[in-house]
Each structure stands twice: as C-alpha cells, then as structure tokens.
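Throughout, read-outs are computed from the coordinates displayed, never taken from laboratory work. Keep in mind that this is a model prediction, so the values were computed, not measured. Reconstructed Cβ throughout: ideal geometry from the backbone, glycine too, with neighbour counts over all protein chains shown.
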Amino acid sequence: MNHETASSAPAPESRRSFLKKTAFATAAVALVRFGAGTHAAAAAEPGGAVADAPAAPAGPWYRRARRWGQTNITEIDPTRYDVAWWRQQWKRTRVQGVIVNAGGIVAYYPTQVPMHRRAQFLGDRDLFGELCTAAHADGLAVFARMDSSGAHEELYRAHPDWFAVDAVGKPYRARDLYVSCVNGPYYEQHLLAILRELVARYHPEGFTDNSWSGLGRGSICYCENCQKKFHERAGRDLPRLKDWNDPTYREWIRWSYACRLEVWDRNNRVTRDAGGPDCLWVGMNGGDVAGQAEQFRDCKEICARAEIIMLDDQRRQNATGFARNGEVGKLVHGLLGWDKLAPESMAMYQTTAPTFRLSSKPEPESRLWMVEGFAGGIQPWWHHVGAYDEDRRMYRTPVALCQWHAANEEFLFNRRPIATVGVAWSQQNTDFFGRDDAELQVELPWNGLRQALVRGRIPYLPVHLDHLERDAAQFRLLILPNLAAMSDAQVASVRRFVEGGGGLLATGPSSLCNEWGDARPDFALADLFGAHLPENHGMRVEATRRRWAAESAHTYLRLTLELRARGDVPHAPDEPPATGERHPALRGFDATDILPFGGTLEALRIEPSAQVLATFIPPFPVSPPEMSWMRTPKTDIAGLVVNQRANGARVAYLAADLDRRYGRDNLPDHGDLLANLVRWTARDDLPLRVEGPGLIDCHLYRQPGRAILHLVNLTNAGTWRAPVDELIPVGPLRVAVRLPDGVAGRRLRLLVSGGTTSPDLGDGWARFELRSVLDHEVAVIE
Ligand SMILES: [Zn+2]
C-alpha cells in the first residue's frame, strides 16, 4: 500500500483538540466499547475558520457518531486489507463509526452458522473481527453490515422454500444470486442466527443492511409461506397479475409494506435481546420516495421506529441535481426528528452513470453532494468499494470536508430549519396515484417545483401530509404538487390549514383522487381552488393523464389581461385594449402576453369568486414556418386560477402542469411563474432574500440565539451534466435574513471563508454581503 497517497496529515495536537478530546472522553466514560474518544474533533481545518469547541455530544452511540466511513469489502480483500492504513484514514477523516461487512451473502469471519458461506478468499482470516477490534480500540462505533437479499445456489438447493418464486414456482434471480423471501425461514431463522452469532462474538454497536427488504414491487412471490401468510391476512389468494384497480392487488401492496416492517421489528428484537437495548438493527434506506416505494420501505413508519437512519443515496442524478440531497435531509428529519442522525453513504468512486467502482469521482462532484447533505442535516459517511484502490485520488476526497464538519459541529447539529413554505408529499400518493408512472406523475412535478424554489432562493420544507397539523404553525403556504391521492382526513387537514389563513398552491390533479388513486366526482378542494372538474374531463382518466403528462405539444398559455397594445412594437388590428394592471402573480411578464406551455388543458368550471390569470392556446403546427400561426388564439379554458378567500387566505390553482414541465424542460418562464405564485400565496412572508448571480441553494436554521444560513453554490457547467470537475466562485451576494426571536444579529461569522463582521440591522432583518462563495458558505448570525 502506498501510504503517501492521502496527502492530508492528521491535524497536529493542540490545546483545543486536547480539550475537545477530554470533553468527549468524559462524556463517553460510561461506555464499554464505543466512546474511548481518541479523535473526536479536529482543531482546525485547512483554509477554513476555526470554530469554538463544540459541546461534546451526549447520549448513546447512535446520537454521538456523527461521521462515518465504510470500506465495502470485496471477496479478494482478505488477502490485502491494510488495516493499519485504514485506521489512519479513520483518524484523518475524524470518523466516529465504521461500517464493516460481516455476513449475509458471504461471511467475513469464521462463522459457525450452517451454510453461511465464507468469502472466497477469507481463508483463516477473521477480517470482520480484526476490523471490529481495531475500531473499538480507536473508540469508534461499528455497524456490522449485512446483505439479506440473496444467496448462492448451494443454499437454494438445500432450502428451496427459503427463496422467492414466481407464479410457476421458478426462483427469482438477481446478480447470479437467488432472491431470499422475507416471509420464509431465511429471514426468520437463518439471518437471525447470523445476527446472534455476530453479537455474541464481536459486540458491534449495531447492524446495517442495504438490501434488507427482499423482492421489489415489480415481482410477486408465490412461495408457500407468502401464499399462506397472505391468505391468513386477506382471506383470499395472492393476486395473479399486477392491476392497481384490483382490491386484491391493493391489499398485496399494503401487506407487502407490513411484511417489511415485521422484518424491521423482528431484527431489532433479536439484536436488542442479544446485545442490549442500544444494539440496533437499522437496515439502510434511500432518500427518494419512489425508490423506497418500489422496495416496500415505508419512509414514515420506518422513521417512526428508527433511532438513526442510514441513507444509501450516494450520488446526484442529472434530472434532480445536487439540491435533492439537501432536500432529502430535510424530508428524512421531518419524519425522524431533528435530534436524530441521518448519515449518508457518499461514494468516493465514479457513480454518476456510468459507474466505475474503482475510479475516483471528481472531487468537486463528491464535494457538492456532500455539502448539500450537510446543508440538509445529513452527516458524512465516505464509501469505497474494495480496500485497495489503485486510483488513489479518492482517498483525499473526504479529508478536508470531514475535518471541516468536525470543527463546525456546533453549528450543524441541534438546530431547526426555518421555512414558511411547506411542500406536501405522501408515499401513498407515490404508490396509488403514481402507480407505474410515479416518475412522470409524482417525481417530475416535485422536481420541477424544487428547482423553481431553489432557483428562487425560497427556503421550504417537505411536509408529510399526515404531519400537516403537527407542523402547520411554521408555514404560511402549503404546496400540493400534483398530489392527487389524498384521504378524506388529509383533505380535511389541508382545509383547516387554509381556514386558519394559510396559503395554498395546488397543481394538476391535486386532491382529485382518494387514497387508492380512484378519481372523486370533483377535486376534494375544488371550492378552495375556485375551480371544479366537469364530469367528462380527461384528467379523471388515468390513461389520458398519462398521455398529457408525457406529451410535448405546441401549446401556449395566454396571460390576462393582455398588454400587447402598449409600446413601440408591431401592432395588429384585432389587439384588445390594454387597460388595467395585471395580477401580482404575473409580475415580470409585462413584455409578453403568452408563455410556452406544452401540455393539454380542458375546460374547468370556474367559480365567480375566482380569477383566471392564464388560458389555454390549443396546438398548432411548429413547421413548416408558413403554417406556424395560432388557429385558435384565445379560449376560456383556464390554466391558472387564483382565489382569495374571505379570511384573506390566498389560493392558487395551476391546472397547467408547469411544475412537471419545469422539471423536464427547464424553461425559465415556468420557474419564474412558479416562484411568483409561491411568493403571492405566501404573502411574501419569506425569511430570506439573496440577491446576486448564480444558482444558490439556501438553507436557513435557528439555534437558541442564532440564525444559521447554509448556502451551496451550484453555479457550474456540470450542474446539469455530471460530473462537476471544477468549482466556479460566485459573488458578491447580498443577503437579508429575518431575525428569529431571541437573535440579536450583532455578529456575523463565516464558517467556510472565515471572518467575523457586523451585519446591518433594521426592521428585524440582518443584511450583509458575501464577497464570494466557492462551494458553500455557512453564515452564523447571533
Ligand atoms: Zn415468498
């Protein structure tokens, strides 16, 4: 092993780091294994600001281990795992816990569990044991990593009833393995024996497992155990076909979720019985709801059970961008609570398609994903595949950021987000409205809306619809982005929010369907929208909705009122007179009477109280140019309706699917109109203003006596085309933060560029300028 490849040496000893270590060790003194605390925090980080010594985190290991590392062991690694070097890397990166492969598909220790296959090159080595001992000696927590998803052929031959089979009894295969069934003895006995063996022999703090939830939603298991168990629950046989309109299939979906929660609960009972109340089994979970739905992982129920969420969400996608990682942190903490941790596996290797496990991801690409995670309350967890990498650049990637994270813990934990805009979601909508088109019907509108909010520098929080009552007090606006499947109770909670004066922005078929995705006679919130769905409207039909969502038609929206009669531009004989002023939601569009659209609209019934701000212009040819003129320049088919309620609450209903179109087409007009609608419905009650060039993702938090603004600079040639290979500074940025109660605002500290200054104060706001932001900046106002 070439030891000089990681260039950053461990930070030198200093009084500050000594004090931190002492504090950490004192807090941890009662702990047997994790918590000897030999390298709890860095003194300083290269090029960054020096923070005050953070208070030592208290509580059990799963509250204290704030940085994680994982060397995902391949079967060849027992021949070459350089434990001494990796211990140095643990120290350099200030990790407080490691994830070490233990068992499942193969064992990395001399297991005695029958047919638990040992890794090919394990030989006599107890690699898991060595690493676990080393980590404990270094004061680190250890997650024993399992993979429950499958096994090799010899186990299938010995126990065919442990494995998932299709309708004709043929076993499901994945990656040359046989897929184990969550309802059979593989999960209920074999894996539990492995968990018990590992606890008894090595005392890991807990267990993770990235493939814990069995067969995905795309396949139905017809093994004897599933047949029997489903029949006992539903009183009927398993569904033969996928049919979202079939009650048996719907029941199978719900039951499949319940089976995974049983796995979660059972595994936790076993590890806690064997290893004590803090010996947790926490699986792994993804950050995107559609991905979780496809694996029957119920985000809300899992977070309700979990003490810590280990996120397996290693990279950004071109379609959703870096900002999604900040959002994932907020979505998960919204379910989990902000006092708990959500570390995320962050790939140091090339993962943005195509994947090269052994090549280093460009450092700026890793960096932006990681700092977006920090901004959303996610903790770092570096991840390598294989213990010996010839592309040595990846060892340098996490060092400086992890050291920065360690030095600035005080500002990254024990904080609460500030946002007046809530964006509603539910996994039930992903399942029963999204069905097999969740990408198109649920994800894309959400992504477009997120991009509009980020671009508009509008702080927002994802809010689960079932938590609206709990969380409503902080919001001035609730957004329903294509959120069609809503139970009566969820509809009622939205209604109460608006009755309490909250604003509402709803798009597309929001509130049209019940919790199973069946269309109601009208939008459940039609009276709030001021718009009703006629009986024969195409939006009611699933196939029509799909066609409209997928199409890119040559259609437009006409803004009212029309202003083209004004100004020194070409004029036509039939121009309407430009009298009056436009609605503030159309601010910035005075130089156009039309906006590009691309979708299809049919007529709604509009209540007299409501105002139509945009109407549909039906399709006409794009080419040849001779034919590219509007055949029907004007209709009364509403695309955008605003409806101010008697109590002053502002409601906007956007029938035109500009959220989805912005997610797909990236037309700035769509992003601008969405941001306008957010500002108008929220009554401009936003806690932050940031002016200056660039794409900046803004996250605002409060601590007692402090506001903390985390800005991530996503201005980059590679922002929408991975990977990023250089960072481009932006600035100056003019920032105004509304001071939360109890924040004086007399001092401003910058945690990345360094320095302390005094902001300008006035009207309850703190104003300051950031000269330049390279990757990210954290401004602490106190
Ligand atoms: Zn089965």
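General remarks:
- Modelled label positions at ARG416 and ASP518, each set 7 Å beyond Cα in the direction of Cβ, lie 4.1 nm from each other.
- Taking Cα atoms only, the orientation of helix 83-92 departs from the longest principal axis of the chain by about 40 degrees.
- Couplings for region 597-613, taken from phi via the Karplus curve 6.51 cos²θ - 1.76 cosθ + 1.60 with θ = phi - 60°, read 10, x, x, 10, 10, 10, 5, 10, 9, 9, 6, x, 5, 8, 10, 8, 9 Hz in order; Gly and Pro are left as x.
- In the chain, helical runs assigned H by DSSP with n ≥ 4 each contribute -39500 (n - 2.57); averaged across all residues and rounded to the nearest 500, the mean residue ellipticity at 222 nm is -8000 deg cm²/dmol.
- Once the chain from ASP741 to ARG566 is taken as fully extended at 0.36 nm per residue, the excess over their C-alpha distance is 58.3 nm.
- Rounded to the nearest 10 degrees, the inclination of helix 247-275 to the longest alpha-carbon principal axis of the chain is 40 degrees.
- Difference of contour (0.36 nm per residue) and Cα-Cα distance, ARG196 to ARG393: 67.1 nm
- Its residue count N sets the reference 2.2 N^0.38 Å, and the alpha-carbon radius of gyration of region 283-421 equals 1.05 times that reference.
- FRET E, pair THR79, ALA550, Förster distance 56 Å, beta-carbon r, rounded to 0.05: 0.65
- Non-local lysine pairs in the chain, meaning eight or more places apart or on different chains, with alpha-carbon distances under 28 Å, amount to 18.
- The stretch between ALA591 and GLN88, if pulled fully straight at 0.36 nm per residue, gains 174.9 nm over its current Cα-Cα span.
- Length, then width, then depth: along the principal axes, the Cα atoms of region 597-651 run 51, 15, 14 Å.
- Per-selection Rg to Rh, region 607-716 - Cα, Kirkwood hydrodynamic radius: 1.09
- Highest mean packing comes first when the peptides 117-123, 278-284 are listed by Cβ atoms within 10 Å, giving 278-284, 117-123.
- Viscosity 0.890 mPa s, 25 °C: Kirkwood-radius Stokes-Einstein D of region 197-256 over Cα pairs, µm²/s: 178
- Globularity index of region 686-780, i.e. its alpha-carbon radius of gyration over 2.2 N^0.38 Å: 1.11
- Using the Cβ-Cβ distance between TYR249 and ARG173 with R0 = 22 Å, the FRET efficiency computed as 1/(1 + (r/R0)^6) comes to roughly 0.40.
- Residues of region 572-598 falling in the label zone of VAL622, defined by backbone nitrogen less than 20 Å from a point 7 Å along Cα to beta-carbon, are 594-598.
- Each label point was placed 7 Å from the Cα along the Cα-to-Cβ direction; for ARG771 and MET630 their separation is 5.1 nm.
- Computed from the C-alpha gyration tensor, the three semi-axes of the ellipsoid equivalent to the chain are 46, 34, 23 Å, from longest to shortest.
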